[in-house]
Amino acid sequence: MQATALENARAIERPTRAEMLQRTPSVHRFWEQNRELFQEAWAGWEQTDAARELTLDASLYDPALRTAVEQAWQDPSKEGAVKDLWQEVFPGVYQTQFFDPAQLEVLRDYLGKTADAQIPLRPPYGISLNRGGAMLDPRSEGYLAAPNFQAFYQGLMDAYMRPISRLLFPDIVGYDTQTFGFSIQWQADADTSLRAHTDASSVTLNINLNLPGEEFSGSGVRFFDRETRKVSELSFAPGTALIHHGSVAHESMPITQGERSNIVLWLYGDHGQVPRHGAPHQAIDARTRWSVPAAKSDGFAPF
Ligand SMILES: O=C(O)CCC(=O)C(=O)O
Ligand SMILES: [Fe+2]
């Protein structure tokens, strides 16, 4: 009998951790040459019993956010109700209840099962390697290509993140055609923190996936305001999100107990372009804000 893509992907010899960290050309070749095999394998994996019982859909969103966003798509003049759900918790940093904590288990189970699927997945190695995470966008080598996940991710970026970003940060309009994302996991005694940095995004949406009762200590994110020099440490509760310009400096403080799981989503313009701080920008109307740009993925990935 002929082996399936899933079987072949599971059996394939993988680059070593050292090779991955050194980003050797052979590692790029490994992901590039097996791109279609892994895509087929993920499609096959979704037909297995483990994956079939979990469906990612709009029931994951917090009901208040979902209602406001769906109304804004129907009638963009009602977009103010979406904005009202976000609270400015630091200069230029907004917070909301993004996912419904009662539904989060579905997404966590799903991501846990993808990690156990034995199909090679590339962890994020931006500033540092995050072993518990995965690349989420199709532009990334070794991304999580499961079709159900991809449909959910594209919906999150197009129906939620982009219009919300345009509403809160009008200067990012036009620098928002391209999507990028990864998951991260902080764990005491493993990957614990991330030094102060800015993101190469126009805007970053960082959503916490911890389940209710899944406690951790430490692991706040410190934000730095370049104008006032103010510094605040913000903490995540299950399903809450922070959104900010990529240019706002931030730092992940050490986790001392437990685990924190987040997904980090970026928008930027073609070829990685981001707005210049304080540059003049054009105003657009609500109907344009609530639309999906025609631009296709340019394939550029910052890391
Ligand atoms: O710890 C966090 O949630 C933030 C992570 C972060 O800033 C990044 O991955 O760029
Ligand atoms: Fe960051």
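At a glance:
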{"item": "Cα-based convex hull volume of the range 130-226 per residue, rounded to whole Å³", "result": "148 Å³"}
{"item": "222 nm mean residue ellipticity, helices alone, for the chain (DSSP H n ≥ 4; -39,500 (n - 2.57); rounded to 500)", "result": "-7500 deg cm²/dmol"}
{"item": "Label-to-label distance, nm, for residues given as LEU211 and ASP57 (7 Å Cα→Cβ offset)", "result": "2.2 nm"}
{"item": "Residue-count net charge about VAL292 - beta-carbon cut-off 14 Å; Lys, Arg +1, Asp, Glu -1", "result": "+3"}
{"item": "Projected-area average for the range 183-259 over all orientations - Cα convex hull basis, square nanometres", "result": "5.1 nm²"}
{"item": "Quotient of Cα Rg and 2.2 N^0.38 Å for the range 28-186, N being how many residues it contains", "result": "1.13"}
{"item": "J(HN,Hα) series, the range 216-232, from Karplus relation 6.51 cos²θ - 1.76 cosθ + 1.60, nearest Hz, glycine and proline x", "result": "8, 10, x, 6, x, 10, 8, 10, 10, 9, 5, 7, 8, 6, 5, 10, 9"}
{"item": "Relative contact order [Cα under 8 Å, 6+ residues apart], the chain, whole percent", "result": "21 percent"}
{"item": "For the chain, the longest site-free run once trypsin sites (Lys or Arg not before Pro) in DSSP loop states with at most 15 other Cβ atoms within 10 Å are removed", "result": "24-130"}
{"item": "Estimated FRET transfer efficiency when R0 is 25 angstrom, pair VAL292-GLU88 (beta carbons, to 0.05)", "result": "0.40"}
{"item": "Potential extension, ARG195-GLU7 segment - 0.36 nm per residue separation minus Cα distance", "result": "63.7 nm"}
{"item": "Stokes-Einstein D (µm²/s) once Rh is taken as the Kirkwood radius of the range 58-289 over alpha-carbon pairs, at 25 °C in 0.890 mPa s", "result": "136 µm²/s"}
{"item": "Cut-off 15 Å between beta-carbons: net charge of the residues surrounding VAL27, Lys and Arg +1, Asp and Glu -1", "result": "+2"}
{"item": "Rh (Kirkwood; distinct C-alpha pairs) - the range 217-301, Å", "result": "16.2 Å"}
{"item": "Equivalent ellipsoid, the range 159-303 (semi-axes from 5 times Cα gyration tensor eigenvalues, Å)", "result": "29, 17, 14"}
{"item": "FRET efficiency, GLN47 to HIS277 (Cβ-Cβ, R0 35 Å, nearest 0.05)", "result": "0.15"}
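Rule-based calculations on the coordinates, nothing more; no lab input. Treat the numbers as computed from the prediction; the structure is a model and nothing was measured. Ideal geometry is used to build each Cβ from the backbone, glycine not excepted, and the neighbour counts take in all protein chains shown.
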